[in-house]
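Below is one structure; the comments refer to it alone.
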Amino acid sequence: MRKGILMVISGPAGAGKGTLGEMLLTRDGGFTFSISATTRAPRPTETDGVHYHFLSEEEFARMEEAGEFLETAEVHGHRYGTLLRPVMQMLDEGRDFLLDLDSQGAISVMSKLVDCVTVFILPPSFEELECRLRSRNTENEQEIQRRLRNARGEVEQLDRYRYVIINDNRDEAYQKLTAIVAAERQSTARYRPEIV
């Protein structure tokens, strides 16, 4: 029985962590994705319970007080959190679990679960990051500028992660991510086969 991998993918908004995470989920088949809770309003293309659990500030605070989150963070003026119970249950069952978190959330998880596998996704440059944010057409100018400022602080946390991938080519970045997964699945930290 192999213990499940808790993989945390992190990086600035627009670096491509969501895209790489989706590729891993659809192509690998061994990962379950964490649906985070948030206090921000849903975007037009988002569905409650599919993309996020959209909560009021009061409901989020009640759940946090009750210890129902693995991690919580305030990002771009909104609260986000990962529900603890589903994560621990899946890891105990030997299932792999994927978290897509900002650096604040990732560092919080690292402090609680030291054997988590952390991967920081970097854009090739800050100029390219700005182009990606603008091409998404999901944030106004003020939000774009806030995300760019936050990105510089997130990159300064890079040395706290186990792995880093520069996402200048999506397919090559995905190959690097799958190489990390393959190595971690054979790690003696979670897999100890017995031979006779």
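From 2, 43, which residue is in contact (Cβ under 8 Å) with a residue 40 or more places away in the chain, surrounded by fewer than 15 Cβ atoms within 10 Å (Cβ to Cβ), basic (Lys, Arg) and under 18 Å from residue 95 (Cα atoms)?
2
Which residues, counting only those in the stretch 31-43, are farther than 17 Å from residue 78 by Cβ and modelled with pLDDT of 90 or more?
Selection gives 31 alone.
Please enumerate the residues belonging to the stretch 5-18 that are modelled with pLDDT of 90 or more and surrounded by 15 or more Cβ atoms within 10 Å (Cβ to Cβ).
5, 6, 7, 8, 9, 10, 11, 12, 15, 16, 17
For every residue, the table says whether it meets (1) touching a helix residue (DSSP H, G or I) at 6+ places or on another chain (Cβ under 7 Å); (2) within 20 Å of residue 20 (Cβ to Cβ); (3) aliphatic (A, V, I, L, M).
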{"site": "91", "(1), (2), (3)": "no, no, yes"}
{"site": "96", "(1), (2), (3)": "no, yes, no"}
{"site": "129", "(1), (2), (3)": "yes, yes, yes"}
{"site": "136", "(1), (2), (3)": "no, yes, no"}
{"site": "156", "(1), (2), (3)": "no, no, no"}
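What do you reckon, is residue 132 among the basic types (Lys, Arg) and more than 25 Å from residue 53 (Cβ to Cβ)?
Considered against the rule, which asks whether it is among the basic types (Lys, Arg) and more than 25 Å from residue 53 (Cβ to Cβ), residue 132 comes out as yes.
Kindly indicate which of 148, 99 is under 30 Å from residue 41 (Cβ atoms) and in contact with a strand residue (DSSP E or B) (Cβ under 6 Å, 6 or more places away or on another chain).
The conditions single out 99.
Quickly run through the stretch 63-115 and pick out the residues that are of a type in the set (Asp, Glu) and part of a helix (DSSP H, G or I).
Within the stretch 63-115, 64, 65, 92 qualify.
Under 9 Å between Cβ atoms, at least 6 apart or on separate chains: pull out the pairs that start in the stretch 169-189 with a residue that is without any contact (Cβ under 8 Å) to a residue 40 or more places away in the chain and surrounded by fewer than 17 Cβ atoms within 10 Å (Cβ to Cβ) and end on any residue that is part of a loop (DSSP other than H, G, I, E, B) and among the hydrophobic types (A, V, I, L, M, F, W, C).
Going by the 9 Å Cβ cut-off, the qualifying pairs are 187/5.
Could you grab me the full set of residues in the stretch 5-34 that are touching a residue at least 24 places away in the same chain (Cβ under 8 Å) and assigned to a loop (DSSP other than H, G, I, E, B)?
Those that are touching a residue at least 24 places away in the same chain (Cβ under 8 Å) and assigned to a loop (DSSP other than H, G, I, E, B): 5, 11, 12, 13, 14, 15, 16, 30, 34.
Within the stretch 133-145, identify whether any single residue is part of a helix (DSSP H, G or I) and closer than 22 Å to residue 6 by Cα, and answer yes or no.
no
Checking residue 162 against (1) closer than 28 Å to residue 83 by Cβ; (2) surrounded by fewer than 13 Cβ atoms within 10 Å (Cβ to Cβ); (3) not aromatic (Phe, Trp, Tyr), which test does it fail?
(2)
The values are calculated or read from the model by the stated rules, or taken from the named source; none is laboratory data. What you see is a predicted model, and the numbers here were worked out from it, not measured in a lab. We place every Cβ from the backbone using ideal geometry, glycine too, and count neighbours over all the protein chains shown.
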